[in-house]
Amino acid sequence: MWVKQLLYGLFLALVVALPSMFALGYYKISGDPSFRPLAQSIESVIFGGMVGDSRDLQVHLRLHEPTEAEGFRMARQIQRAFTAKGIDARVYVMDISAREPASVTFIVHANRIGPYSLSRASHGVNAAVSAYHMTVQN
């Protein structure tokens, strides 16, 4: 009798944990942080989600007439760069005129880092991460 109850309990635990196990496995294989179990999705962070009490790092991505898919793709890449370093950042995509150069500006509290050209955005990410670690108390 107790064996049947034990098997039933294990079956219920497996049914409850199976979706999280698959999501964790996919996250480990692909590295996509939106599939971490119980994690906040990248889309909610990019489009106005808040993590914690305040947002310490903002990214202003200035593009020439970006389509929604293009803006989302670039914002997601920048978001992933900060997520890999353990920092949650809010990314804003801004439409600019053709006369202005496309650029990325990083804002850490009151510090403004940039603007960087799109080809040098990785240098700005590294500078913003350094500034973040200097200003945020852990």
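The values are calculated or read from the model by the stated rules, or taken from the named source; none is laboratory data. Computed from a predicted structure; not experimentally measured. Cβ: placed from backbone, ideal geometry, glycine included. Neighbour counts: every protein chain shown.
Residues that are assigned to a helix (DSSP H, G or I), touching a helix residue (DSSP H, G or I) at 6+ places or on another chain (Cβ under 8 Å), at pLDDT 85 or above and assigned by TED's automatic domain parsing to the domain that holds Arg120 do not occur anywhere in the stretch 48-57. Applying the selection to the stretch 99-122, what residues are under 18 Å from the mean Cα position of the chain (by Cα) and assigned to a helix (DSSP H, G or I)? Ala121, Ser122, listed by residue number.
For the stretch 111-130, filtering for residues that are under 16 Å from Glu100 (Cα atoms) and exposed (fewer than 13 other Cβ atoms within 10 Å of the Cβ) leaves 1.
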